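Read through the structure below, which is laid out as structure tokens, and then see the notes.
Only the coordinates and a few stated rules stand behind these numbers; no lab work does. A quick note: this is a predicted structure, and the numbers were derived from the prediction, not measured. Cβ placement follows ideal geometry from the backbone for every residue including glycine, while neighbour counts extend to all protein chains displayed.
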Amino acid sequence: MQHLITTGDFSKEEILNLFDDAREFLDMKSREILKGKIIVVLFFENSTRTRSAFETAAKRLGAEIIALDLGTSSINKGETTFDTVANINATKPDAIIIRHSESGLPARLADHVDCPIINAGDGNNAHPTQALLDLFTIYEHFEGKTEGKKVTIVGDVKSSRVAGSNRRLLPRFGLDLSYVAPDCFKFESDEYKQYDHIAEVIDEVDVVMSLRTQLERHNEIYFSSLQEYAKDYCITKDTFGDRDILLLHPGPVNRNVDISDEMLVDPRNKILEQVTNGVAVRMAILKKLILEQ
Ligand code: NCD
């Protein structure tokens, strides 16, 4: 049995096979591949895209979804997350999808369940399905020729699990990564190419990935306001000029903080394409983990 805790759980070959399936699933036709299967969705943190994409993916494949309303679950009666998951596991589902604010929790749960665990985001650690859909979006755009393409990730890279998962995944496909952030959001390691301003890299890059400032993960206030941050880090028409660059963002976008109104309707922005790809990639992941036991 295989889990998806980090993108390292899949080999390059497995990822390319997932992409072959995802490409077919982009027709968004309903199928019966997972008919009779039951998938439990446990989101202990807010979500719009990831949760709806997982639920749509499961339903498009014919599976049943049990999405626990954590506001009314026994978590409020003092049960630990570990015990909640042990009990859910005892109902014998075919997969459990979990998002939690605690980094490392899905990895620890994986040894105590009888079905695949899919990490839908754990703290600031990992968000493997997001990185896989980001890679798929880049891969399809460049028709598989990712080797040597340059990607810069802009914003709160230190607290972002999306940055974490992409940092581990994209270089495996030959993508060259750099980061643009104010000092307070930079990685504390000189292992990475980090810049203060996007102007330093914009002439070289093929892809810009903008990130939301992860206010909920900060225990101090770094900027007097997000507008203050936006002055230097918001992606605008001026930032891009007429360069042929792909603009990505995992969502939710803080308008005119992460990306300007104008750039949100610019054809170089592939944010909604990422969302659609996210359904197809998650269909491929559910199929693989549930059927290839
Ligand atoms: C991200 C997340 O939750 O990690 N969103 C997502 O899943 N699409 C990014 C964020 O919250 O900023």
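Data overview
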| item | result |
| --- | --- |
| Cross-link table LYS158/LYS193; LYS35/LYS270; LYS29/LYS92; LYS12/LYS288; LYS37/LYS270; LYS29/LYS287, entries beyond 23 Å C-alpha to C-alpha | LYS35/LYS270; LYS29/LYS92; LYS37/LYS270 |
| Which of MET263, VAL279, LEU248, positive extreme of dipole for the stretch 244-292 (C-beta unit charges) | VAL279 |
| Loop-located GluC sites (Glu not before Pro) in the stretch 1-75, at most 11 other Cβ atoms within 10 Å (DSSP) | GLU32 |
| On Cα atoms only, tilt of 81-90 relative to the major axis of the chain in degrees | 50 |
| Charge dipole (the stretch 161-244, unit charges on Cβ, about Cα centre) - positive-most of ALA163, THR236, VAL208 | ALA163 |
| Top of ASN277, ASN166, ASN17 by mean-square fluctuation, Gaussian network on the chain, Cα under 10 Å | ASN17 |
| The stretch 182-191 - phi-based ³J(HN,Hα) in whole Hz, Karplus 6.51/-1.76/1.60, Gly and Pro as x | x, 3, 5, 9, 7, 5, 8, 7, 8, 5 |
| Counting DSSP beta bridges with both ends in the stretch 122-252, the antiparallel % (nearest 5) | 5 |
| Sites SER225 and GLU200, calculated FRET efficiency, Cβ-Cβ separation with R0 22 Å, nearest 0.05 | 0.35 |
| GLN293-SER189 pseudo-label distance in nm [points 7 Å out on the Cα-to-Cβ vector] | 3.7 |
| Phi to ³J(HN,Hα) by Karplus 6.51 cos²θ - 1.76 cosθ + 1.60 over the stretch 30-37, Hz, x for Gly, Pro | 7, 10, 10, 4, 10, 4, x, 8 |
| Antiparallel %, DSSP beta bridges [both residues in the chain], to 5 | 5 |
| Those GluC sites (Glu not before Pro) in the stretch 187-276 that DSSP places in a loop and that have at most 15 other beta carbons within 10 Å | GLU188, GLU191, GLU204, GLU220 |
| Pairwise FRET efficiency - MET1 versus GLU273, Cβ, R0 = 45 Å, nearest 0.05 | 0.90 |
| Other-chain or far-sequence residues with amide H under 5 Å of ILE153's (modelled H) | SER178, TYR179, VAL180, MET209 |
| Segment HIS218-ARG172, extension gain: residue separation times 0.36 nm, minus the distance between their alpha carbons | 13.6 nm |
| Förster radius 30 Å - calculated FRET efficiency between ARG255 and GLU14 (Cβ-Cβ, nearest 0.05) | 0.25 |
| Under 11 Å from the LYS35 label point (7 Å along Cα→beta-carbon), backbone N, the stretch 47-85 | 62-63 |
| Rh by Kirkwood over Cα pairs, then Stokes-Einstein D for the chain at 1.306 mPa s and 10 °C, µm²/s | 81 |
